[in-house]
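Notes to accompany the following structure.
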Amino acid sequence: MDTFSSKDCNWPRPPSALPQNKLSLPPNGALVTIAGLVLVRQKPGTASGVVFLTLEDEFGVFNVIVWPNIFKKYRNQIIGGRMLKITGKIQKENNIIHIIASSIEDISSMLDDLLSNNITK
């Protein structure tokens, strides 16, 4: 079990989504949930099946690493989703922050809800 000091407690815990501007708050290895629009999906041939995602919320971008076993499980969500909610461990190294995905949810329907709410008003 991970133990964190009280100074590490001021950030949203899953299932609440952590905004990009608070990405520096959780300690390395903490479980976090993020949500955002999918900007980029990359599956380089030289990356041994690893998929790299870039998501964006209203504050900035998230870099996400998806290992092959997670990609296989959530393939439809990753490929079809316009907006994703991703839970995983935060990895901080040399001032670079990644989320190592462990679960992925397609929340694209929320975009449709926003559109229909704006049209009906």
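Structure values in brief
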| quantity | calculated |
| --- | --- |
| Residue match in the range 67-87 (condition: over 25 Å from D112 (Cα atoms), in contact with a Pro (Cβ under 9 Å, 6 or more places away or on another chain) and outside any loop (DSSP other than H, G, I, E, B)) | no |
| Selected residue (only one of F62, F52 is surrounded by 13 or more Cβ atoms within 10 Å (Cβ to Cβ), free of Cβ contacts under 8 Å to residues at least 24 places away in the same chain and not β-branched (V, I, T)) | F52 |
| Test for K92: is it within 18 Å of A30 (Cβ to Cβ) and either part of a strand (DSSP E or B) or over 14 Å from the mean Cα position of the chain (by Cα) (or both) | yes |
| Checklist (1) touching a Phe, Trp or Tyr at 6+ places or on another chain (Cβ under 9 Å); (2) surrounded by 13 or more Cβ atoms within 10 Å (Cβ to Cβ); (3) assigned to a strand (DSSP E or B); (4) of a type outside the set (D, E, K, R) applied to P26, failing item | (3) |
| Residues that are β-branched (V, I, T) and either in contact (Cβ under 8 Å) with a residue 24 or more places away in the chain or part of a strand (DSSP E or B) (or both), drawn from the range 40-49 | V40 |
| Where a residue in the range 14-28 is closer than 13 Å to I86 by Cβ and its partner, wherever it lies, is part of a loop (DSSP other than H, G, I, E, B) and among the hydrophobic types (A, V, I, L, M, F, W, C), with Cβ under 8 Å and at least six apart | L18/W11; L18/L25; Q20/F59 |
| Selected residue [small (G, A, S) and either over 15 Å from L18 (Cα atoms) or surrounded by fewer than 13 Cβ atoms within 10 Å (Cβ to Cβ) (or both)] from G88, G45 | G45 |
| Condition met for L39 (surrounded by 13 or more Cβ atoms within 10 Å (Cβ to Cβ) and either at pLDDT 95 or above or among the aromatic types (F, W, Y) (or both)) | no |
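The values are calculated or read from the model by the stated rules, or taken from the named source; none is laboratory data. Small disclaimer: the values here were computed from a predicted structure and weren't measured. Cβ coordinates were reconstructed from backbone atoms using ideal geometry, including for glycine residues, and neighbour counts include every protein chain displayed.
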